[in-house]
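**Q** This is the structure I have questions about; it appears just below.
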Amino acid sequence: MPRQNMEDNAMAPMTSSGNGWEILADEREIAERILELKRERNAIILAHNYQRPEVQDLGDFVGDSLGLARKAAETDAEVIVFCGVHFMAETASIFCPHKTVLLPDINAGCPMADMAAAREVKRVRERYPRAAVVSYVNTTAEVKAVSDYCCTSSNAVEVVRSVEAEEIIFVPDRNLAAYVAERVEGKRIIPWNGFCHVHQGISVEDVLEALREHPDAEVIAHPECTREVLRLAHHIESTSGMLRAASASAAREFILATEAGMLYPLSKAAPGKRFYPPAREPLCPNMKLTTLSKILRSLETLAPEVKVPEGIRVRALPAVERMLAVTA
Ligand code: 13P
Ligand code: SF4
């Protein structure tokens with residue numbers, strides 16, 4: 001994957017290139033300063049698998065939403081620098097009200113999380129009074145506060161199976177809702193009509209075109225993809241699940257039906273294997289907003305901070321605690 005030219009600072013000349021991802025002289029200096037400040041501030045850097053390679057390389061932990069939420073809940077650090085999107089930083093704030101949670105670019109949102117508002121969820125709840133609300137972690141803290149359970153892509157099936165109610169309002173991803181409904185018996189899933197534009201945009205034809213070029217490849221897909229794309233998949237996994245699946249598989253080549261940032265952690269986890277995006281490379285612009293210079297600035301200024309108001313936090317906490325309790 002070529003380096004995306006979306007930095008907010010000018011690019012310095014390239015000084016070396018290791019496994020195809022460039023290391024820039026300026027970036028090395030910024031990274032060193034970040035590491036110094038991180039020690040001074042007693043901070044931890046958590047990075048999602050879709051982040052830019054240089055941001056992932058700096059992370060104390062790189063993972064999927066579930067892994068990142070777990071790390072945030074466990075850490076002793078006083079400051080959490082969240083290299084991801086807003087709902088992830090909010091989840092960290094729900095678990096850690098006394099820590100400073102930083103989101104280096106406050107505009108890094110998740111359009112899918114914004115497709116459900118708490119007042120709408122309450123209204124649907126009134127229509128289905130016997131139903132439980134399971135909300136994907138890709139929701140606002142306000143929505144979590146009116147939900148019974150929270151889940152991530154890696155434990156959505158287990159969470160829904162663990163719910164006593166037979167009717168479940170699943171918010172906001174209709175594709176993940178359909179994926180869960182096909183795997184859980186005895187429950188009626190009432191899906192919200194939300195979606196991730198990045199995964200919704202991956203078409204069957206995009207995947208087939210990549211498969212024509214790499215006919216021996218296995219397809220790894222994220223459950224936010226459409227049902228039609230999931231039907232082509234050999235593996236359906238959360239982002240960290242993809243690392244395990246690619247390493248365990250006997251296949252040498254893979255088409256990735258997910259955001260292209262995954263190419264980097266996969267190439268590190270399974271160095272002898274080859275990974276290809278679908279015909280049109282899927283990119284989440286929000287995930288690319290975090291840069292080294294923004295991380296440095298946020299550690300210098302301890303801003304922008306994401307802090308969930310206490311009244312919302314205490315109501316959202318049980319749902320996110322259940323999310324962690326379901327899977328060890
Ligand atoms: P994961 O929890 O699988 O990392 O997914 C997060 C996400 O936003 C996918 O688009
Ligand atoms: Fe949200 Fe989709 Fe980006 Fe994930 S890839 S953060 S679901 S917009």
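The values are calculated or read from the model by the stated rules, or taken from the named source; none is laboratory data. Just so we're clear, the structure is a prediction, and the values are computed from it rather than from any experiment. Cβ coordinates were reconstructed from backbone atoms using ideal geometry, including for glycine residues, and neighbour counts include every protein chain displayed. What goes into the accessible areas is simple: the full protein's heavy atoms, side chains included, and nothing from ligands, DNA or RNA. Shrake-Rupley method; radii C 1.70, N 1.55, O 1.52, S 1.80 Å.
**Q** Looking at the range 225-255 only, could you name the residues that are under 18 Å from the mean Cα position of the chain (by Cα), of a type in the set (A, V, I, L, M) and closer than 21 Å to ARG280 by Cβ?
**A** ILE236, MET242
**Q** Name the residue that is nearest to ligand 1 (Cβ to nearest atom), counting only residues in the range 73-86 that are touching a residue at least 60 places away in the same chain (Cβ under 8 Å) and assigned to a helix (DSSP H, G or I).
**A** HIS86
**Q** Then there is this: Going through the range 81-102 one residue at a time, which ones are under 11 Å from ILE44 (Cβ atoms), in contact with a Leu (Cβ under 6 Å, 6 or more places away or on another chain) and among the aliphatic types (A, V, I, L, M)?
**A** Correct list: VAL81 only.
**Q** Quick one: in the range 276-303, of everything that is touching a Lys or Arg at 6+ places or on another chain (Cβ under 8 Å) and more than 16 Å from GLN51 (Cα to Cα), which residue is most open to solvent (accessible area, probe 1.4 Å)?
**A** That would be LEU302.
**Q** When you go through (1) touching a His at 6+ places or on another chain (Cβ under 8 Å); (2) within 15 Å of ligand 2 (Cβ to nearest atom) one by one for VAL219, which number turns out not to apply?
**A** Only one criterion in (1) touching a His at 6+ places or on another chain (Cβ under 8 Å); (2) within 15 Å of ligand 2 (Cβ to nearest atom) is unmet by VAL219, namely (2).
**Q** Going by the conditions given, is ALA116 aliphatic (A, V, I, L, M), more than 23 Å from ASN49 (Cβ to Cβ) and open to solvent by 10 Å² or more (accessible area, probe 1.4 Å)?
**A** When the stated conditions are applied, ALA116 does not pass them.
**Q** If you take the residues in the range 153-176 that are within 15 Å of ligand 1 (Cβ to nearest atom) and free of Cβ contacts under 8 Å to residues at least 60 places away in the same chain, which one is nearest to VAL133 (Cα to Cα)?
**A** Among residues in the range 153-176 that are within 15 Å of ligand 1 (Cβ to nearest atom) and free of Cβ contacts under 8 Å to residues at least 60 places away in the same chain, the one nearest to VAL133 (Cα to Cα) is VAL171.
**Q** Moving on to the next point. Mind counting the residues in the range 310-328 that are closer than 15 Å to ALA69 by Cα and of a type in the set (D, E, K, R)?
**A** 3
**Q** Using the structure shown, decide if ARG212 is of a type in the set (D, E, K, R), more than 13 Å from ligand 2 (Cβ to nearest atom) and closer than 28 Å to ALA131 by Cα.
**A** Criteria not met by ARG212.
**Q** So which of ARG39, ARG33, ARG70 is out of contact with any strand residue (DSSP E or B) (no Cβ under 9 Å at 6 or more places or on another chain), assigned to a helix (DSSP H, G or I) and touching a residue at least 24 places away in the same chain (Cβ under 8 Å)?
**A** After ruling out the rest, the residue left standing is ARG33.
**Q** Output yes when any residue across the range 304-320 is over 18 Å from the mean Cα position of the chain (by Cα) and closer than 24 Å to PRO53 by Cα, and no when none is.
**A** Yes, that holds for at least one residue.
**Q** Please work out which one of (1) within 16 Å of ligand 1 (Cβ to nearest atom); (2) of a type in the set (A, V, I, L, M); (3) assigned to a helix (DSSP H, G or I); (4) farther than 11 Å from ILE44 by Cα is the condition ALA108 fails and give its number.
**A** Only one criterion is unmet by ALA108, namely (3).
**Q** So which residues in the range 48-67 are within 16 Å of ligand 1 (Cβ to nearest atom) and without any contact (Cβ under 8 Å) to a residue 40 or more places away in the chain?
**A** Within the range 48-67, GLY59, PHE61 meet the criteria.
**Q** Can you pull out the residues in the range 122-138 that are surrounded by fewer than 24 Cβ atoms within 10 Å (Cβ to Cβ) and either of a type outside the set (Ser, Thr, Tyr) or within 16 Å of ligand 1 (Cβ to nearest atom) (or both)?
**A** LYS122, ARG123, VAL124, ARG125, GLU126, ARG127, PRO129, ARG130, ALA131, ALA132
Quick grid of which residues meet (1) within 18 Å of SER154 (Cα to Cα); (2) open to solvent by less than 60 Å² (accessible area, probe 1.4 Å); (3) away from ligand 2 (no atom under 14 Å from the Cβ):
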position	(1), (2), (3)
ARG183	yes, no, yes
CYS196	yes, yes, no
LEU230	yes, yes, yes
ALA246	yes, yes, yes
ILE255	no, yes, yes
ALA260	no, yes, no
SER267	no, yes, yes
ALA270	no, yes, yes
ARG274	no, no, yes
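**Q** It is to be established whether one or more residues within the range 161-178 are away from ligand 2 (no atom under 16 Å from the Cβ) and closer than 21 Å to CYS110 by Cβ.
**A** Checked against the condition, which is being away from ligand 2 (no atom under 16 Å from the Cβ) and closer than 21 Å to CYS110 by Cβ, the range 161-178 yields at least one hit.
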